[in-house]
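Step one of this worksheet: look at the structure below.
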Amino acid sequence: MTFPRFFPRPQSETGIWGWIGTVDHKRIGTLYGITSFLWFLIAGVEALLIRVQLASAENTFIGPEFYNQLFTMHGTTMVFLVIMPLSAAFFNWLIPLQIGARDVAFPRLNALSYWVFLFGSLIMNAGWLTGDAPNGGWFGYAPNSGVTFNPGLGMTYWVVGLNILGVASIAAGLNFIVTIMNMRAPGMSMFKMPVFTWMTLITSVLLVLAMPILAVAGIQLQTDRVYGTHFFNSLAGGDPVMWQHIFWLFGHPEVYILILPAMGIVSEVLPTFSRKPLFGYPFVVFAGIVIGFMGWFVWSHHMFTVGLGPAANTAFAMSTMLIAVPTGVKIFNWIGTLWRGNIQLNTAMLFSISFIAMFTIGGLSGVMHASPPTDSQQQDTYFVVAHFHYVLVGGALLGIFSGIYFWWPKFTGWFLNEKLGIANWALMMIGFNLQFGPQHWLGMDGMPRRIYTYAENMGWEGSNLAASIGGFILGFGILLFIINMIYSRMNKKIAPADPWDGRTLEWSTSSPPPVHDFDEVPQVKYRDDFWFKKHPETISEYYHNEHDLVVEEDAPVGADDAEEHGDDHGGHGGIHLPDKSYYPFILGVGIAIFGIGFLTNTYVIAAGVPIFIWGMLGWSMEPVNDPT
Ligand code: HEM
Ligand SMILES: [Cu+2]
């Protein structure tokens, strides 16, 4: 059975329609990267506006209304539209390349994830255009986020956008789980996978389990706001504290969704530029799994001051302190990797080493507020702001920048400039520490979060001014990165396939890789297979155990094995590649219109439905490859 086609299937590689119809994981990765970088700049400007306002006491540059919108959208954007999709850009680009596959398991679903992410992000930000941007904080606490205290469309943009973004994340998570489980090159057993692939797998499992929880809270809030239900209204028998439980039950696994990809990145960069394998690979992997598991049992450390009682607080304090153990294990393994390594300090490496240091500071302040009495002093102060910026900027973002400098030559075929890179790194590090270091003291001194100004006699001006100057230095660091991209593109220094003497399979194919990634499906024998094949003399040094050398019999066979399929649809001589498709885009448009309906009226919801069904039916009846 076929579904009538209203226009021909996309063929062209280039032009706007080539991008809209693409199902190539590398191009989708690029789309994710560009889109989230643009959101990064917008959220950065929001942050700088906040810093201008707080630079001096009793400043009147920004009023309280606008200030609420700024910190809400800064946080929401950085979490959902920057760190998560930048990580997704790396998943997309790297996972098939690292496991020796030709694409992800479900290429069209992958395209759908991107389009849904794009539309969700636009809906969430649409409030800026109507002057009605979301203003209830990135955690959207009830009852502040309900219509009673927050009329207007602001938080409706937020919750509708969030619900749509959740669809993208769940689809992407499923896609990468299936890809990693089923599409690894022959010989690549689980414990021969690169660590970045492992961390992507764990992150994907967390996404699939955590995003539906957020969706529960999100749908409840959405119906509260749009249809007048009372999930979080205590007067009508609802419960505002329930929002906090559901949100943080999602929210804490979410922080690991944000950090695990960066941990995967530094676990690739550090060994490469220390010229030795990752120290304690199984420990790093198991620590990741343990973090992914224990992350589910700590959520109420965000609620120590809610009044859940001593039993609950004790339990969550213990679980929170425990989760620092696997985190510490990883830190020791990274340091162990550097130990006696033949260290090459380039931009990627500097970012990775800084990641270890900054993330450790953030982890330590985390353990401090793992103690409820301590936290009762720190909760809702700038101390917590300092904590999560050390883990998110000092951790996740530095890791991502390390990855950008490391894999840029692979993605583009040319290098980023090293001198500009090091200046970029130095400015970011100085600015970052100047901005967030003093916030520890401000928090200890009692400065609350989310206040738009403070009195002169509080003694907070010096630290706030320092933080604001730091913010601008950090901003200049980012500006240098942009200059670096432009400069390096204009003065192209061409990159070979394997510029860093890399360890994993992505370095075995050309830079940038061909559409079909690998001319021949790689055969894997070792962990860090590519490196050991280049340096066979080092094998005996690291593989003492005969068993490690045996290729496992039941190792999965690449699903795209050319000989098995032997078809020629992609035109690459026996290499199987899926054809392009418009349906993911159409389905994405349907979902977006459906969502916009909740912000406008029921007719718009109804208008979204047929487009949605059209996309779904067309997609399901469209063969992966048209018969030629
Ligand atoms: C050693 C591991 C960690 C521990 C023990 C820890 C502990 C905590 C605790 C107890 C809080 C609540 C503080 C309060 O509101 O009073 C908190 C807040 C927070 N943590 Fe961590 N944390 C750790 C690692 C991380 C990581 C890796 C991330 C993200 C990458 C992260 C992100 C956050 C965020 C975003 C908040 C604030 C949420 C908000 O109120 O807006 N933490 N952390
Ligand atoms: Cu937490």
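On the basis of being without any contact (Cβ under 8 Å) to a residue 24 or more places away in the chain, out of contact with any strand residue (DSSP E or B) (no Cβ under 6 Å at 6 or more places or on another chain) and open to solvent by 20 Å² or more (accessible area, probe 1.4 Å), does His230 make the cut? Spelling it out, His230 is indeed without any contact (Cβ under 8 Å) to a residue 24 or more places away in the chain, out of contact with any strand residue (DSSP E or B) (no Cβ under 6 Å at 6 or more places or on another chain) and open to solvent by 20 Å² or more (accessible area, probe 1.4 Å).
Among the residues of region 388-417, those identified as away from ligand 2 (no atom under 16 Å from the Cβ), in contact (Cβ under 8 Å) with a residue 60 or more places away in the chain and small (Gly, Ala, Ser) are Gly399, Ser402, Gly403, Gly413. Remark: pairs (first residue in region 452-463, within 19 Å of Gly63 (Cβ to Cβ) and charged (D, E, K, R); second residue assigned to a loop (DSSP other than H, G, I, E, B) and open to solvent by 50 Å² or more (accessible area, probe 1.4 Å); Cβ separation under 7 Å; 6+ apart in sequence or on different chains) = Glu456/Glu58. Scanning region 571-597 for residues that are of a type outside the set (A, V, I, L, M), open to solvent by less than 40 Å² (accessible area, probe 1.4 Å) and part of a helix (DSSP H, G or I) gives Tyr583, Pro584, Gly588, Gly590, Gly595, Gly597.
Quick one: in region 286-307, which of the residues that are in contact with a Phe, Trp or Tyr (Cβ under 9 Å, 6 or more places away or on another chain) and away from ligand 2 (no atom under 15 Å from the Cβ) is most open to solvent (accessible area, probe 1.4 Å)?
Ile289
Residue check: Ala57 meets all listed conditions (1) part of a helix (DSSP H, G or I); (2) within 30 Å of Phe472 (Cβ to Cβ) but one, namely (1).
What tally of residues in region 328-371 results from selecting those that are more than 16 Å from ligand 2 (Cβ to nearest atom) and assigned to a helix (DSSP H, G or I)? The qualifying residues number 25. The single condition among (1) crowded, with 24+ Cβ neighbours inside 10 Å; (2) outside any loop (DSSP other than H, G, I, E, B); (3) of a type outside the set (Ser, Thr, Tyr) that Met188 does not meet is (2). Per this entry, Leu260 is not counted among residues that are over 19 Å from the mean Cα position of the chain (by Cα), under 29 Å from Ser354 (Cβ atoms) and of a type in the set (A, V, I, L, M, F, W, C).
When the residues of region 373-407 are filtered to those that are in contact with a Ser or Thr (Cβ under 8 Å, 6 or more places away or on another chain), in a helix (DSSP H, G or I) and open to solvent by 20 Å² or more (accessible area, probe 1.4 Å), the one that is farthest from ligand 1 (Cβ to nearest atom) is Ser376.
This table checks each residue for (1) closer than 21 Å to His25 by Cα; (2) among the hydroxyl-bearing types (Ser, Thr, Tyr); (3) assigned to a loop (DSSP other than H, G, I, E, B); (4) at pLDDT 95 or above.
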{"site": "Leu129", "(1), (2), (3), (4)": "no, no, no, yes"}
{"site": "Gly137", "(1), (2), (3), (4)": "no, no, yes, yes"}
{"site": "Thr148", "(1), (2), (3), (4)": "no, yes, yes, no"}
{"site": "Asn163", "(1), (2), (3), (4)": "no, no, no, yes"}
{"site": "Val167", "(1), (2), (3), (4)": "yes, no, no, yes"}
{"site": "Leu174", "(1), (2), (3), (4)": "yes, no, no, yes"}
{"site": "Leu201", "(1), (2), (3), (4)": "yes, no, no, yes"}
{"site": "Leu221", "(1), (2), (3), (4)": "no, no, no, yes"}
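Taking residues in region 69-95 that are within 19 Å of Leu49 (Cα to Cα), and partners anywhere that are assigned to a helix (DSSP H, G or I) and within 12 Å of ligand 1 (Cβ to nearest atom), the pairs with Cβ atoms closer than 7 Å and at least 6 places apart or on different chains are Val79/Leu258. Kindly indicate whether Leu54 is out of contact with any Ser or Thr (no Cβ under 6 Å at 6 or more places or on another chain), surrounded by fewer than 20 Cβ atoms within 10 Å (Cβ to Cβ), of a type in the set (A, V, I, L, M, F, W, C) and in contact (Cβ under 8 Å) with a residue 24 or more places away in the chain. In short, no.
For region 348-367, the candidate set comprises residues that are more than 11 Å from ligand 1 (Cβ to nearest atom) and in contact with a Ser or Thr (Cβ under 6 Å, 6 or more places away or on another chain); within that set, the residue that is nearest to Asp501 (Cα to Cα) is Ala348.
Kindly indicate which of Ala262, Ala317, Ala312 is at pLDDT 95 or above, near ligand 1 (Cβ under 10 Å from one of its atoms), in contact with a Ser or Thr (Cβ under 9 Å, 6 or more places away or on another chain) and over 30 Å from Lys192 (Cβ atoms). Outline the logic, then answer.
Values: Ala262 fails: over 30 Å from Lys192 (Cβ atoms); Ala312 fails: near ligand 1 (Cβ under 10 Å from one of its atoms).
Exactly one of Ala262, Ala317, Ala312 is at pLDDT 95 or above, near ligand 1 (Cβ under 10 Å from one of its atoms), in contact with a Ser or Thr (Cβ under 9 Å, 6 or more places away or on another chain) and over 30 Å from Lys192 (Cβ atoms), namely Ala317.
The values are calculated or read from the model by the stated rules, or taken from the named source; none is laboratory data. Being a predicted model, the structure only gives us computed values, none of them experimental. Quick reminder, even Gly has a Cβ in these numbers, built from the backbone with ideal geometry, and neighbours come from all protein chains shown. Heavy atoms of the whole protein, side chains included, go into the accessibility calculation; ligands, DNA and RNA do not. Shrake-Rupley method; radii C 1.70, N 1.55, O 1.52, S 1.80 Å.
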